[in-house]
Amino acid sequence: MVSSTLYEKVTFKQIDDMKHALGFDNRKVTGTKHRRYIPYRNIFYAGRKDIEDWKTLVELGLAKEFSTDNFCVTADGRFFLERVTGIKFEEESN
């Protein structure tokens, strides 16, 4: 479960990177009352500038590193994004 103190530790850039990892596109959000988005991916290839941000997300439990410099958003990360954006992030479509 995501702690409320976590919200103070995550930057806007990290939120944008997490949304990018999920392939977020605001035009593909469905619903008006219950907004939801179905990602088509869950991967972020981090460059030199992004490594520290993603390592911090891993420490917070919002992401995991599955190979060198490759990250994905965890279930807690999805929940965090749902709380921040008001949009339900479903499992990836395959």
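The values are calculated or read from the model by the stated rules, or taken from the named source; none is laboratory data. Computed from a predicted model, the values in this text were never measured in an experiment. We place every Cβ from the backbone using ideal geometry, glycine too, and count neighbours over all the protein chains shown. These area figures cover heavy atoms from the full protein model, side chains too; ligands, DNA and RNA do not enter into them. Shrake-Rupley method; radii C 1.70, N 1.55, O 1.52, S 1.80 Å.
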In the stretch 32-61, the residues that are modelled with pLDDT of 90 or more, open to solvent by 50 Å² or more (accessible area, probe 1.4 Å) and either outside any helix (DSSP H, G or I) or among the acidic types (D, E) (or both): R35, R36, I38, Y40, R41, Y45, R48, K49, E52, E59
Hey, does the stretch 10-18 have a residue that's under 14 Å from F80 (Cβ atoms), modelled with pLDDT of 90 or more and of a type in the set (S, T, N, Q)? yes
Could you pull out the residue among R83, R78 that is assigned to a helix (DSSP H, G or I), within 16 Å of V10 (Cβ to Cβ) and in contact with a Phe, Trp or Tyr (Cβ under 6 Å, 6 or more places away or on another chain)? R78
Within the stretch 62-73, identify whether any single residue is basic (K, R) and either part of a loop (DSSP other than H, G, I, E, B) or open to solvent by 50 Å² or more (accessible area, probe 1.4 Å) (or both), and answer yes or no. yes
Taking the stretch 77-92 as the region of interest, how many residues are open to solvent by 60 Å² or more (accessible area, probe 1.4 Å) and either more than 21 Å from T32 (Cα to Cα) or touching a Leu at 6+ places or on another chain (Cβ under 6 Å) (or both)? 0
Cross-chain or 6+ apart pairs with Cβ under 7 Å, the stretch 10-37 first and farther than 17 Å from D50 by Cα and among the charged types (D, E, K, R), then open to solvent by less than 40 Å² (accessible area, probe 1.4 Å) and not in a loop (DSSP other than H, G, I, E, B): K28/Y37
